[in-house]
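Down below is the structure, laid out as structure tokens.
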Amino acid sequence: MKGLATLIKLHKRTLDELRRRMVNLENQKSELQRLSTALNEELRTEMALATKTAEMRNFFGDFAKRIKARQDKIASEIIALDKQMERLRIEISEAFTELKKFEIAQENAKLREKEAASRKETIEMDEIAAQQYSRKTEDQ
């Protein structure tokens, strides 16, 4: 039983670490999405400025290409993060399944111990009752 408790602690620790890694990846993805949105806003602002100012039109094409390249890079990073997150979800699911197996095994062991103690107590009580009955019959 003590071995099961140790295994459960170990698997809980592993599961917690995997979950922390998932949160980290989700935060990275969130930050990349925020950056992509900021780049879109910057592009819209510059586009509006370029339509108003003739001098800005000359530079807008190169600016738009740089923004598009950064957005493409961010999109590929998000795709890579999504793949990592999917692999991590599978790991978390497997770790959770393993943890549950050990927790169920521990519960079953506790239940068996309880049942054994109950059987032992019943046997002892039956024995006491039998002794009392035999004493009563001897006295009579």
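The values are calculated or read from the model by the stated rules, or taken from the named source; none is laboratory data. Fair warning: this is a prediction, and the values are worked out from it, not measured in the lab. Note that each Cβ is placed from the backbone with ideal geometry, even for glycine, and that neighbours are counted across all protein chains shown.
Does ILE67 satisfy the criteria of being in a helix (DSSP H, G or I) and in contact (Cβ under 8 Å) with a residue 40 or more places away in the chain?
On the way: in a helix (DSSP H, G or I): yes; in contact (Cβ under 8 Å) with a residue 40 or more places away in the chain: no.
So ILE67 fails the test.
Pick from ALA95, ALA105: which is touching a residue at least 40 places away in the same chain (Cβ under 8 Å), in contact with a Ser or Thr (Cβ under 6 Å, 6 or more places away or on another chain) and either part of a helix (DSSP H, G or I) or of a type outside the set (Ser, Thr, Tyr) (or both)?
Numbers: ALA105 fails: in contact with a Ser or Thr (Cβ under 6 Å, 6 or more places away or on another chain).
Selected residue: ALA95, the only one of ALA95, ALA105 that is touching a residue at least 40 places away in the same chain (Cβ under 8 Å), in contact with a Ser or Thr (Cβ under 6 Å, 6 or more places away or on another chain) and either part of a helix (DSSP H, G or I) or of a type outside the set (Ser, Thr, Tyr) (or both).
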Only one residue in ILE78, ILE104 is within 20 Å of GLY3 (Cβ to Cβ) and modelled with pLDDT of 90 or more. Which one? ILE104
Going through segment 90-118 one residue at a time, which ones are among the acidic types (Asp, Glu), exposed (fewer than 13 other Cβ atoms within 10 Å of the Cβ) and under 21 Å from THR14 (Cα atoms)? GLU94, GLU107
Quick check on my filter: what residues within segment 70-92 are aliphatic (A, V, I, L, M) and without any contact (Cβ under 8 Å) to a residue 40 or more places away in the chain? ALA75, ILE79, ALA80, ILE90
